[in-house]
Amino acid sequence: MLENFINALNGVKEMTGALGMALFCLYAIQTGGGEDISVSGFINDSIADAGDDTGQTYETLNIAIVDEFPPESEIELRILGEDQGAEEETENNIFVQMTNIIDTGAAEVYLVQENGSVKKDSGISIEINTTKFFVPDGGSRCFGVPNFSTEIYGEGEWERRQELDEIDLIGNDCEDFNPGIDVTRQLVNDGYLNKKITKLLSRFPEINPYERDYTLRLVNAGTTLREDDQTKWWDVDYALYTEADNGEEIMLVYIDITRVTLAQGEVWDWDDAHYRIDAVVENLWRLMEDPAMDKGEVWLQQIRGNVLSDEAAIRRFVEEQGASIVVPRGADMQVEWECHRQEEFFYDYLVFQGETVDYEVTLAIPLMGKQEEGYYLASRIRREAEDKSACNHILSGMMQTFQGVPYLHVVKEGESLAKIAEKYQGIQEGYPWLKRYDDDTGEAVPFENQNLIYPGQKVWVPSCREYDGRNILHH
């Protein structure tokens with residue numbers, strides 16, 4: 001169960017993503033073969049030398065291939081509706097929702113520091129799915145979990161990312177894959193993509209690519225019929241792993257191979273199979289980086305369902321899943337969690353902190369009440385890191401400013417609407433904007449008596465606001 005959940009969080013691409021990848025392929029190669037391809041004959045030519053169009057040659061990487069899926073004839077056809085494909089279901093029915101950025105913008109807010117003082121900080125305000133929050137500048141290596149959320153790069157890393165974007169990501173038309181999943185898998189097993197993978201990893205000499213052993217693992221295969229556009233397509237996905245010095249298995253490359261056809265048999269000008277090879281840049285950085293200089297990673301993840309609905313559910317979630325969602329695959333996962341409650345931000349949080357052999361990890365889970373989704377904020381930094389302040393500051397900034405859109409405040413003992421307005425709008429006179437949230441209808445309605453509220457009641461707070469660490473600056 002844990003391994004499946006790790007796989008979901010760290011790179012098993014959604015099948016719907018494969019179609020998008022295919023539409024953005026960069027150039028075509030002429031390989032011939034078509035439907036009558038001879039696998040063994042073609043492979044001998046394709047990897048005769050791992051060269052490129054410039055004539056430069058590369059030593060071929062040592063890649064072991066693991067392919068344990070059933071043959072194509074035993075793979076069940078999956079039918080996707082219009083609203084499917086944005087989430088991954090694990091064995092224990094936890095849905096990992098892809099986090100899509102809706103809007104970003106430069107911002108300056110006041111954040112509470114570790115010593116209790118308040119300091120203005122610059123960074124990025126983010127609206128992502130149904131939440132808003134703020135990420136300070138100059139912080140951790142990245143915000144994001146590969147393939148499940150959007151990366152936002154820290155100071156000094158944007159230039160490196162732009163440089164990497166110039167690398168050819170090797171998206172090709174490939175007639176040789178057209179016959180289907182089984183032929184494609186045979187081609188890959190015989191080394192069809194080895195020289196392309198070698199060419200990509202040779203761009204990262206810092207990781208000593210030729211001194212490593214690699215495992216290319218088949219992680220997804222299947223055929224899909226979409227109800228909305230009546231297209232049928234098959235998809236085969238591979239991930240290339242190597243081992244870090246601490247034994248952790250790190251994914252360096254993700255490959256998706258896709259062919260799209262019209263389900264009703266109509267002719268398409270463009271229906272050749274495509275493949276795309278993407279470097280998992282964040283993981284490559286981890287291998288390049290001196291552990292002492294690690295700035296850490298901070299990310300936010302949305303979980304569908306009521307698995308984070310209350311304290312008991314959150315503690316159960318962390319007990320069952322906590323290590324697997326913060327510790328990379330292959331690393332030691334023994335974590336002794338210490339938990340405390342933090343209450344001075346938009347939401348009350350349960351904060352879990354712990355250490356493994358290699359990492360210091362934190363899970364901060366807001367108590368948002370029973371909703372259709374919950375969120376957790378997480379950070380990870382290597383124990384050898386000399387300066388952990390940036391990682392901790394980013395996580396603290398996100399916790400202070402994280403809020404649902406619109407925000408539902410759960411009334412506490414002794415609170416009044418005036419006090420709630422002061423907390424979120426900066427002035428007590430803002431209370432007329434507040435409304436009562438009706439759990440039965442899901443609507444915000446006026447209070448019958450604004451002087452009469454009670455603990456546990458939900459107050460709807462308008463979402464058009466900016467947070468300064470304690471108060472709303474303006475509407």
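Just so you know, all these numbers are worked out from the coordinates, no wet-lab data involved. This structure is a prediction, so every number in the text was calculated from the model and none was measured. Counting neighbours? That spans all protein chains shown, and the Cβs are built from the backbone with ideal geometry, glycine included.
Miscellaneous remarks
- For Y359, the residues whose amide H sits under 5 Å from its own are R383, ignoring neighbours fewer than 5 places away on the same chain, with H placed 1.01 Å from N.
- Most to least packed among 105-113, 178-186 [average Cβ atoms within 10 Å]: 178-186, 105-113
- Note that the range 407-461, at 37 °C in a medium of 0.692 mPa s, gets a Stokes-Einstein diffusion coefficient of 298 µm²/s from its Kirkwood radius over C-alpha pairs.
- Relative protection proxy for 293-305, 213-225, from highest mean packing down: 293-305, 213-225 (other beta-carbon atoms within 10 angstrom).
- Peptides 334-342, 277-285 ordered by packing proxy, namely the average of other Cβ atoms within 10 Å per residue, highest first: 277-285, 334-342.
- Take every Cα pair under 8 Å whose residues are at least 6 apart in sequence, average their separation, divide by the length of the range 258-389, and the relative contact order is 30 percent.
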